[in-house]
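Visitor: Below are the structure tokens for one structure; questions will follow.
The values are calculated or read from the model by the stated rules, or taken from the named source; none is laboratory data. Quantities reported herein were computed from a predicted structural model and do not represent experimental measurements. A quick note on method: Cβ atoms are made from the backbone with ideal geometry, for glycine too, and the neighbour counts reach across all protein chains shown. What goes into the accessible areas is simple: the full protein's heavy atoms, side chains included, and nothing from ligands, DNA or RNA. Shrake-Rupley method; radii C 1.70, N 1.55, O 1.52, S 1.80 Å.
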Amino acid sequence: MQKLWIAVIFAAACAASEQPAQILEAIRQNVIKQLSKSANYTCTEALERSYYRNNGFAMAIHGPEAVAIPKNQLLHDRLRLDVAVSGGKEIYAWHGAGRFSASEVTDIVRRGPISTGQFIGYLSNVFLVAGVSFKYGGKISEGGLDYYRFDFDVPLSASKSQVHASSGYQKVPFHGSFTVRASTLQLATLEVIDAEIPPETNLQSVRTELRYQVARISGRDALIPASFKLQIQDNARVFTVSRGDYSDCREFGSESTLRFAANDPSAQSEASAPPSEEQPLPAGLSLRVALKTEIKDETAWAGDTVEGVLMHAVQIPGSEQTIPKNAVLRGIITRFVTYFEPEKQYDLRIEFRQLAFANRTYRLQALHEPTSADLFPVYGIAVPERILKELRAGSMLIHSKHVRLDKNFTAVWKTVPLDGPG
């Protein structure tokens, strides 16, 4: 393996006894060891996102520093995802989906700020790529423990970090700092600040703060994030704060349903393949469904599973097969947003993905069918186009201080093509 030469800039006040070059090399070796020997594993990510609007005058005076100024909350949502780390990749799925794919996380979470790289990307870029410079920041104490701090700078030539722009993803340089426990030289925190963000991204500032832990997974140490905070300020004066934490980290077992794309040479799992008897249902079927899962705003997350039963038998077109009453439908909450303007309301989207009865199982994608009653409580006749778009995509708009969908709540879901809107 080619040796990586790491530039270390010594702080003037650095005590000679602390030997920053040796400390940094030991840290790097720890990271390399833990990344190379970590088991393939999966964790559950709980993510909460809050959106605020900054005062326009404050933005004009303070620019990106206006993130520290009080704001008006616009909306809030929360999501539960599964993330798998395997073969140097981070692979995402809804927590209730039951299987992974090699899709980008943006194919799953299609709106709002989302980031990847917490498990492997940042660590490999900071510690394993040539051209990164470091500056020793001394020893600090926090919570009764001692830490070493280093600042780092990743120039564009060494950066793997990307931000989304109108023309696609663009690479950006970044800088930041990290701390390690003085007693073990294990990574504790990492802060990343994107720099020289292209104007066409509509972003002013992006900052990520991570806390790491060493977890024992199947007898091996794995360096994994414990939590993170992502802060983004855009040019429209909207400031978002995303907070996430990771739990239930474990190695893939025989029951795992890890599935890679067909063109991925590492595709080896047969456990993820749909059951041989599972058939797709055609688009255009109207299914009146009674929920069997209670949904409340205090406890529900996007990514939670939902179950319902069919209230009326449905004939499958072009077939002699009839789906009987009380067939079971299983789905996922794929959107659960609280809006605070113009009044408090909720955007709830439940997508049914599977239908079963007797010994038969069908694949489907069924979205909520909106009615005129969904349109008028807040907006009247002049419904904004963005609201109509959400309704067409399967959202239910709930104009209330709270969401209470009890068991046996009924509504109509309509099947769409399996690659339809989600």
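Visitor: Would you list ASP406, ASP347, ASP304 from the most to the least accessible area, probe 1.4 Å? Could the numbers behind the result be given before it?
Guide: Values: ASP406 85, ASP347 0, ASP304 35 Å².
Output order, biggest surface exposure first: ASP406, ASP304, ASP347.
Visitor: I'm a student and want to see the number: the projected area of the Cα convex hull of segment 95-147, averaged over all directions, in nm².
Guide: 7.4 nm²
Visitor: Report, in cubic angstrom per residue, the convex hull volume of the C-alpha atoms of segment 139-225.
Guide: Working: hull volume 11.2 nm³, N = 87.
Taking the convex hull of the Cα positions in segment 139-225, it is 129 Å³ per residue.
Visitor: If you don't mind, there's one more thing I want to ask. Run through every distinct alpha carbon pair of segment 165-207 and return the Kirkwood hydrodynamic radius in angstroms, one decimal place.
Guide: 12.3 Å
Visitor: At R0 = 25 Å, how high is the FRET efficiency between SER141 and ARG111 if r is their beta carbon distance? Nearest 0.05 is fine.
Guide: Calculated transfer efficiency: 0.05.
Visitor: Relative to the present Cα-Cα distance, how much length would full extension add between ARG53 and ARG181 at 0.36 nm per residue of separation?
Guide: Length gained, ARG53 through ARG181: 42.3 nm.
Visitor: Turning to a different aspect of this structure: Hey, what did segment 116-213 get for relative contact order, percent, Cα under 8 Å, at least 6 apart?
Guide: 20 percent.
Visitor: Mind jotting down a quarter of the surface of the convex hull over the alpha carbons of segment 174-238, in square nanometres, one decimal?
Guide: On the way: hull surface 23.2 nm².
Mean orientational projected area (segment 174-238, Cα hull): 5.8 nm².
Visitor: Now, a different point. Provide, in order from the shortest bin, the percent of all Cα-Cα pairs of segment 280-377 in each 5 Å bin, continuing until the bin that contains the maximum pair distance.
Guide: Distribution as computed: 3, 11, 21, 22, 17, 12, 8, 4, 2, 1 percent.
Visitor: Further question on the same structure: Report the equivalent ellipsoid semi-axes for segment 74-120 in whole Å, largest first, defined as the square roots of five times the eigenvalues of the gyration tensor built from alpha carbon atoms.
Guide: Listed largest to smallest, the semi-axes of segment 74-120 are 20, 13, 9 Å.
Visitor: Taking every pair of distinct Cα atoms and averaging 1/r, then inverting, what Kirkwood hydrodynamic radius in Å comes out for segment 101-256?
Guide: Details: mean 1/r = 0.0582 Å⁻¹.
Here the Kirkwood hydrodynamic radius works out to 17.2 Å.
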